[in-house]
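What follows is a single structure, written as structure tokens, with notes after it.
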Amino acid sequence: MSENILFISESSEEAASGSQLTLGLDDLILTKGMATSAGSKMLAGFKSLFDARVYERLHEAGCAVAGKVNIGEFGIDLLGETSHFGPVLTAEGQLTTAASQLLANGSVDAVVGLDVNGAQARAAALAGQVYLKPTYGCVSRFGTVAVACSGETVDVSACSTEVVQQVLDTLAGHDDADGTSLPESECARLKSANSEAAPITQVKVARGLLATADEATQQLIEAAIATLEAEGIAVSDTAPETDKLLSVANLAWNILMCAELCNNVNRFEGMKYGYHAEKCQSIDELYTKSRTEAFGSLLKTAILYGSEVLATNNYDRCYDKALRIRRLVLEALTEECAGGTALLLPACAKRAYSLAEVEANPNLAFEENRFTAPAAITGLPALVAGGVQLLGNAFSETALLRLGAVLSSANLAGKEA
Amino acid sequence: MTAYETVIGLEVHIELATNSKIFCSCTNGSDADPNTHVCPACCGMPGMLPVANREVINLGMTAGMMLNCDINRTTTFDKKSYYYPDLPASYQTTQWFAPVAVNGHVTIETPEGPKDIRIKQIHMEEDAGKLVHDNLTFTTLVDFNRTSVPLIEIVSQPDLRNADEVEAYLERLRTLLRFAKVSGARMEKGTMRADVNLSVRPAGSQELGVRTEMKNMASIAAIRRAIEFETARHIDAIENGTEELVQETRGWNDDAGTSFSMRTKETAGDYRYFPDPNIMPIVIDDEWFDRIKASLPQLPEEKLEHYMAEIGLSEYDASALTQSRAFCDCFEGAMAAGAAAKDAANWIITNCAGILNKRGMTSDELPVPGSALGQLIALVDGGKLSSANGKRLLETLFDVAERGEAIPEDIAAFAETEGLLNSSDTGELEAVVAAVIAADPETAQAYRDGREKALNPLFGACMQQLKGKCDTQVLRELLIAELNKG
Ligand SMILES: [Zn+2]
């Protein structure tokens, strides 16, 4: 078994003395100094001409960035297994991500990444770490490698809710260079200084999705319910119509994600930068060979799928329908989460995944993402803590994190046994 | 023998006269040295996000209103995917689902009277880069200066029937868009290009024939030749079965005078349009709509009418001025600064136009604002500046603009520093007059003897010594008085 590669490039700069935090940046976040590869052979060693906004903000806040963290190719896989630099395994031989491994071994205090398809949410749930995907538009995506722009957000992983909040305080804010960035007044609602945030007093369990998870995961959710009830939180179930919409959210997300990905990675054709196939006789051959040789098979599957759903003959029944489902899911979840309510659901269907299992079903990421797609497709914030996921209304981050602190300290995994 | 009718629709691409590109802050200037107006965004590097330039949307709305279109109050940008070396991101951002303007019309003059050509839509999009082929080394270089330069595409309905109508339509578009300062719309500069969609059918038939599209036509003369050739080719195919017509995109080789197949419908790519999630839908509220509406210029024919009926210009002067928005602006500005209409018109039509012509500039490039011309005319009328030096001053103002400097606000002060103002010192004039008479007593005597024409050489000699810097009226009076004394 080969060695885990956690950083694909490391910072040459010394951490400033008295640094606030030491961080890792995932491999979709561009930096001038360190190579950014998007986990792909296509971009291996690529150096950006500019820094991502989140890197600038962290730098200004006195954080030290230790290096670029290994991820799966363009961030769309299950747990980083498609990385050009190889998968990352725990001591027990289970799949995890480089970010979770770095947090677990204490190399970094937090990892800031770009969430595309839930890989880090799953990894954080498996490792019992804290993970936050903030409200869409509250953290600038300027300088992140575009994959599925309509749903991807900058995310934060750490070992405690306090550190996640501290990083979020630095990252949240308006940016003119990102046309989807929300006004400063709305971004500011994510910060710890926002004391007016209504606490979460009620939790609804997404029973439909929960039923598709394994026994251990269901028990974990039951343990979370018990802990929340003990805290005086009212627990009920989501409406059946909501369950129905949640059950198709990932089908719609797969369509949107693959379509946008297909379009966004078109620019990587082997000509201007990145991997360049040798001995080609024509430009068409260069494009084809470069992409054939540099892209992995899961990415190729996504590209073909995305290309198909955008074809003129399929647009209405695939892409356009997915946009309609997105709107319906958003409406349903906004209503469910009104008045200080959060949805409780797993982040993945099992408590561990082996490499062999993923190799046997390479498309697992497009099935397992049924638990993370609701947040991706709606842009609503999602928190993973204590191995379970809470999804809230826009700008409910501080309230989610307060509840997350309770779940984190409750040792749910211990209670479930 | 069957009579045939040619059915033509045009897609006209027009480069917008904005300062910066459509989705990044690079300068909009494709004439510069290759790859000098580029950034990671317009070079298709990862990580950059598009930020829509508001000025582009203003100009798109302006064009829509000038062409009598409905403005979509929510307009969106969409992505169009295809691979080509001049398209760095491998997609073009354009408008597919909700273009800025729809359902308009343009009226042209035809021998049968005025005719409305319907406009299907106007959409905004980014231009691609430029490929430079070197046939000696078999290499191709790419210039990304033009990448992301804003364009509008004006799509007409198939309402045109012959080359004359096409020419009239293009001329009318050009005039309207230049008047509204949307674009210079110059085919010879590549800021206006047309795709010609053409089919042929028996006269009187309601069905359309097989349509071919000729891409990127860059001159009206070439369009005329291409329409003639394609029409003949279609009729020949229909009548004699020389070939089977297929719906296809064709190129036009103007040197050879023939069209050639580029791609047929079967081999045409699927562009996989979808809304760009990075550009939020643009909502045009009443305030914005009204502001653009209020900024629309008078149409050239309205100005012509106004200049003749209310200002009293001759038809010749009025129509010369209304060829150009810059001429009209300068004329109206000069009048606002106090110049008489006839004087202002003369200075523009004769002197300004002469300098523009000499420098190879178009009338739209007139760099002198009306306020400056008005002041200049006042100086000449007030005897402070000779007419010849007035022309010199005008040339100097062109030079100032050419150096990229601002035209001075105070023209009198500028003329003073340039040393062009008339000498206000009558002592100097008297001395010159005395010296000239003393140097040529014979001519002076001839004048005194009644030969009035003898005044001219003496006057010329004075002007030469004064380098033209004097009020000619005052000089003439002084000279006559001095001669009559002796
Ligand atoms: Zn640029």
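The values are calculated or read from the model by the stated rules, or taken from the named source; none is laboratory data. From a predicted model like this one, the values you see are computed outputs, not experimental measurements. Here the Cβ positions follow ideal geometry from the backbone for every residue, glycine too, while neighbour counts run over all protein chains shown. Surface areas here come from the heavy atoms of the whole protein model, side chains and all, with no ligands, DNA or RNA. Shrake-Rupley method; radii C 1.70, N 1.55, O 1.52, S 1.80 Å.
Among the residues of region B:260-292, just one is touching a helix residue (DSSP H, G or I) at 6+ places or on another chain (Cβ under 6 Å) and more than 14 Å from every other protein chain (Cβ to nearest Cβ), namely B:Ile292. For A:Asn369, are the conditions met, namely being buried (at least 17 other Cβ atoms within 10 Å of the Cβ) and closer than 30 Å to A:Ala91 by Cα? Answer is yes for this residue.
Restricting B:Leu141, B:Leu131, B:Leu136 to residues that are modelled with pLDDT under 95, open to solvent by 30 Å² or more (accessible area, probe 1.4 Å) and either among the polar types (S, T, N, Q) or in a loop (DSSP other than H, G, I, E, B) (or both) narrows the list to B:Leu136.
Any residue at all in region A:391-408 that's of a type in the set (Lys, Arg), part of a helix (DSSP H, G or I) and open to solvent by 20 Å² or more (accessible area, probe 1.4 Å)? Checking region A:391-408: at least one residue is of a type in the set (Lys, Arg), part of a helix (DSSP H, G or I) and open to solvent by 20 Å² or more (accessible area, probe 1.4 Å). The residue that is modelled with the lowest pLDDT, counting only those in region A:353-366 that are surrounded by fewer than 21 Cβ atoms within 10 Å (Cβ to Cβ) and over 18 Å from the mean Cα position of the chain (by Cα), is A:Pro362. Any residue at all in region A:305-322 that's surrounded by 20 or more Cβ atoms within 10 Å (Cβ to Cβ), within 12 Å of chain B (Cβ to nearest Cβ), of a type in the set (Val, Ile, Thr) and on the phi < 0 side of the Ramachandran plot? Yes. Which of the residues belonging to region A:173-205 are part of a loop (DSSP other than H, G, I, E, B) and acidic (Asp, Glu)? Once the filter is applied, which keeps residues that are part of a loop (DSSP other than H, G, I, E, B) and acidic (Asp, Glu), region A:173-205 yields A:Asp175, A:Asp176, A:Asp178, A:Glu196. Residue count for region A:244-299, restricted to those that are within 9 Å of another protein chain (Cβ to nearest Cβ) and more than 27 Å from the chain's Cα centre (by Cα): 5. Of all the listed residues (A:Leu228, A:Leu299, A:Leu256, A:Leu261), the sole one being among the aliphatic types (A, V, I, L, M), open to solvent by less than 10 Å² (accessible area, probe 1.4 Å) and touching a Lys or Arg at 6+ places or on another chain (Cβ under 8 Å) is A:Leu256.
Residue count for region B:144-172, restricted to those that are away from the ligand (no atom under 16 Å from the Cβ) and assigned to a strand (DSSP E or B): 6.
Here is a yes/no grid of residues against (1) under 28 Å from the mean Cα position of the chain (by Cα); (2) farther than 21 Å from B:Leu67 by Cβ; (3) open to solvent by 60 Å² or more (accessible area, probe 1.4 Å):
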| site | (1), (2), (3) |
| --- | --- |
| B:Gly209 | no, yes, no |
| B:Ala221 | yes, yes, no |
| B:Ala237 | no, yes, no |
| B:Glu244 | no, yes, yes |
| B:Thr258 | no, yes, no |
| B:Arg291 | yes, no, yes |
| B:Ala294 | yes, no, yes |
| B:Gln298 | yes, no, yes |
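Which of the residues that make up region A:164-178 are open to solvent by 30 Å² or more (accessible area, probe 1.4 Å) and among the small types (Gly, Ala, Ser)? None; the set is empty. In region B:56-63, the condition of being more than 21 Å from B:Ser156 (Cβ to Cβ) and either part of a strand (DSSP E or B) or open to solvent by 10 Å² or more (accessible area, probe 1.4 Å) (or both) is met by at least one residue. Of all the numbered requirements in (1) over 19 Å from B:Ile57 (Cβ atoms); (2) more than 16 Å from the ligand (Cβ to nearest atom); (3) surrounded by fewer than 17 Cβ atoms within 10 Å (Cβ to Cβ), B:Asp86 misses one, and that requirement is (2). For B:Ala345, indicate whether it is in contact with a helix residue (DSSP H, G or I) (Cβ under 9 Å, 6 or more places away or on another chain), buried (at least 19 other Cβ atoms within 10 Å of the Cβ) and modelled with pLDDT of 95 or more. So B:Ala345 fits the description; yes. In this entry, B:Glu167 passes the filter for residues that are under 23 Å from B:Thr231 (Cβ atoms) and out of contact with any Ser or Thr (no Cβ under 7 Å at 6 or more places or on another chain). Annotation: of all residues in region B:50-61 being more than 12 Å from the ligand (Cβ to nearest atom) and within 14 Å of chain A (Cβ to nearest Cβ), the one that is farthest from B:Arg186 (Cα to Cα) is B:Ala52. Cβ-Cβ contacts under 6 Å between residues 6 or more apart (or on different chains), taken from a first residue in region B:39-53 that is within 20 Å of B:Gly29 (Cβ to Cβ) to a second residue that is aliphatic (A, V, I, L, M) and more than 8 Å from the ligand (Cβ to nearest atom), are listed as B:Pro40/A:Leu49; B:Pro40/B:Met48; B:Ala41/B:Met48; B:Gly44/B:Ala89; B:Pro50/B:Ile279; B:Ala52/B:Ile279; B:Asn53/B:Ile22. Every listed requirement among (1) touching a residue at least 60 places away in the same chain (Cβ under 8 Å); (2) open to solvent by less than 20 Å² (accessible area, probe 1.4 Å); (3) within 14 Å of another protein chain (Cβ to nearest Cβ) is met by A:Ser181 save one, (1).
Among the conditions (1) among the small types (Gly, Ala, Ser); (2) away from the ligand (no atom under 16 Å from the Cβ); (3) under 24 Å from B:Gly190 (Cα atoms), the only one that B:Gly104 does not satisfy is (3).
With respect to the conditions (1) within 16 Å of the ligand (Cβ to nearest atom); (2) crowded, with 19+ Cβ neighbours inside 10 Å; (3) modelled with pLDDT of 95 or more, B:Asn72 falls short on a single one, namely (1). Restricted to region B:1-40, and to residues there that are assigned to a strand (DSSP E or B) and within 16 Å of the ligand (Cβ to nearest atom), the residue that is nearest to the other protein chains (Cβ to nearest Cβ) is B:Ser20.
When residues in region B:159-210 are screened for being without any contact (Cβ under 8 Å) to a residue 40 or more places away in the chain and farther than 28 Å from B:Thr62 by Cα, 3 of them pass.
Taking the numbered list (1) touching a Leu at 6+ places or on another chain (Cβ under 8 Å); (2) open to solvent by 50 Å² or more (accessible area, probe 1.4 Å); (3) closer than 30 Å to B:Thr6 by Cα; (4) not small (Gly, Ala, Ser) in turn, B:Arg272 passes all entries but (3).
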